[in-house]
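For reference, the structure is listed below as C-alpha cells.
Every read-out reported here was derived from the displayed coordinates using simple, explicitly stated rules and does not represent laboratory data. Quick caveat, the model's predicted, so the values are computed rather than measured. Positions of Cβ are backbone-derived with ideal geometry, glycine not excepted, and every protein chain shown enters the neighbour counts.
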Amino acid sequence: MKLDDDDFLLFGLPARFEQDGADIATRWKALVAKVHPDRFTADGAASQRLAMQWSLRVNEAYQRLKDPLKRAAYLCELRGAPIQANENTSMPPAFLMEQMEWRESLEEAGGMEAILAIDRQVAERERALLAQAGRALDDSNQPAEAAQSVRALMFLTRFRADIDKRLEALEQP
C-alpha cells in the first residue's frame, strides 16, 4: 500500500461503480485497525505521525467509496472526465425544465403530502440518474456521460436539501 494509491487499490476493490456497501465497510474496518495510531505508540512520534496520515487517508477513501455519488464522481475523475461542478454547469434543456417545474411545485405546495410527493419524484429521478452513471462507468466506459449524470445528481442533492428545509418548516409548531 502507498499513500498515493487510488481508493479502489487501497481497499483492494475493482475500480467499478457497482460495489457492495457491506464489503466496503468490512475492508475499511480492517484497514483502520491496521493503521490506527494507537497501534504505534511504542514506535515513537514519527511512526505515530505516519499512522495518523494513513488513518486520515483510509477514512477519506472510505467516505468516497461508501457514497455512490462520491464514488461515481471519483471514478469519472480517475477516467479522465472530472466533474468540474463549478466550471461546467450546463445541463440539457429537458433537465432544466424538470428542475424549474419541481421548484415551482415546491413553492406552490401547501402541505406536507404535496411536498412529500415532490420528494418521491426527485428520489426516483436520483435513482435513475445514479443507475445511468453506473452503466456509463461500468458497462460502456463513457466517463463523460457519467460526469453529466453526476452533475445532474449534484443539482438534485441541493434541491432535496430545499425540500428538507420546507418539511422542517412545516414540522415547526
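See the values below:
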{"quantity": "Residue count for the stretch 72-100, restricted to those that are under 16 Å from the mean Cα position of the chain (by Cα) and closer than 14 Å to L129 by Cα", "calculated": "2"}
{"quantity": "Residues being surrounded by 11 or more Cβ atoms within 10 Å (Cβ to Cβ) and either hydroxyl-bearing (S, T, Y) or not in a helix (DSSP H, G or I) (or both) - total across the stretch 140-173", "calculated": "3"}
{"quantity": "Within the stretch 7-46, tally of residues that are surrounded by 14 or more Cβ atoms within 10 Å (Cβ to Cβ) and either under 14 Å from K66 (Cβ atoms) or in contact (Cβ under 8 Å) with a residue 60 or more places away in the chain (or both)", "calculated": "13"}
{"quantity": "Tabulated pairs, the stretch 121-135, first under 13 Å from F17 (Cα atoms), second outside any helix (DSSP H, G or I), C-beta under 8 angstrom, 6+ apart or interchain", "calculated": "A133/F17; G134/F17; G134/E18"}
{"quantity": "Number of the exception - R64 against (1) in contact (Cβ under 8 Å) with a residue 24 or more places away in the chain; (2) farther than 26 Å from L137 by Cβ; (3) touching a Phe, Trp or Tyr at 6+ places or on another chain (Cβ under 9 Å)", "calculated": "(2)"}
{"quantity": "Some residue of the stretch 69-89 being of a type in the set (D, E, K, R), touching a Phe, Trp or Tyr at 6+ places or on another chain (Cβ under 8 Å) and either within 26 Å of E145 (Cα to Cα) or in a helix (DSSP H, G or I) (or both)", "calculated": "yes"}
{"quantity": "Cross-chain or 6+ apart pairs with Cβ under 6 Å, the stretch 157-173 first and over 17 Å from E126 (Cβ atoms), then of a type outside the set (G, A, S) and surrounded by 10 or more Cβ atoms within 10 Å (Cβ to Cβ)", "calculated": "R166/I115; L170/M112"}
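Yes/no matrix, rows are residues, columns are (1) under 24 Å from F155 (Cα atoms); (2) surrounded by fewer than 14 Cβ atoms within 10 Å (Cβ to Cβ):
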{"position": "D5", "(1), (2)": "no, yes"}
{"position": "Q63", "(1), (2)": "yes, yes"}
{"position": "K66", "(1), (2)": "yes, no"}
{"position": "L69", "(1), (2)": "yes, no"}
{"position": "R79", "(1), (2)": "yes, no"}
